[in-house]
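Contents: one structure, followed by commentary.
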Amino acid sequence: MATKRKHKGAYMISAVAEMYEIHPQTLRLYEREGLLRPSRSDGNTRLYTDEDLERLEFILNLARDLGVNIAGIAIVLQMRERMEEMNRQMQGFVDYVRTEMLSRMQQQDPGAGLVPLRRTVIVPVKSSAKTAKKK
């Protein structure tokens with residue numbers, strides 16, 4: 001779904017409903033179901049950030065284009081959040097391993113470096129059955 005935002009900021013519920021051609025009650029429903037979490041102003045007015053609008057676009061893509069119901073959308077969003085968290089954890093682990101390896105390499109003698117392993121390569125010998133038959 002193409003973005004419909006023109007500038008950065010916080011948007012009131014009526015502006016968001018108009019931008020995405022949905023009823024404000026739909027936005028309230030998405031909030032009640034935990035799909036959206038807009039912030040609130042001092043006067044308790046819902047304020048939707050650019051991140052909220054990106055999430056709304058994803059929700060509307062699931063609902064409108066793919067026909068996913070609210071329960072399905074909640075599951076997809078939950079799985080997406082878990083995958084993002086797992087990705088963050090994996091990236092943290094990779095960064096840790098990289099740092100540890102560099103640290104250990106720097107602690108070694110400058111000339112030590114990594115030494116390539118030498119493996120014995122066994123080349124199969126073709127059977128001499130053909131030559132045996134000719135004799």
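Every number in this text was worked out from the coordinates using simple rules, so none of it is lab data. Treat the numbers as computed from the prediction; the structure is a model and nothing was measured. Quick reminder, even Gly has a Cβ in these numbers, built from the backbone with ideal geometry, and neighbours come from all protein chains shown.
Annotations
- Rounded to the nearest Hz, the phi-derived 3J(HN,Hα) couplings of region 13-24 under the Karplus curve 6.51 cos²θ - 1.76 cosθ + 1.60 (θ = phi - 60°) are 4, 5, 5, 5, 4, 5, 4, 9, 6, 10, 7, x, where x marks glycine and proline.
- Placing +1 on each Lys and Arg Cβ and -1 on each Asp and Glu Cβ, with no other charges, gives region 11-107 a dipole about its Cα centre of roughly 300 debye.
- Full-extension gain in nm, residue 28 to residue 99, via 0.36 nm per residue minus C-alpha separation: 20.9 nm
- Proxy reagent accessibility, fewest Cβ within 10 Å first, across 93, 58: 93, 58
- Averaged over residues, the count of other Cβ atoms within 10 Å places the peptides 44-56, 20-32, 76-88, 95-107 in the sequence 44-56, 20-32, 76-88, 95-107, highest first.
- √(5λ) per eigenvalue of the Cα gyration tensor, region 11-107, largest first, Å: 38, 17, 10
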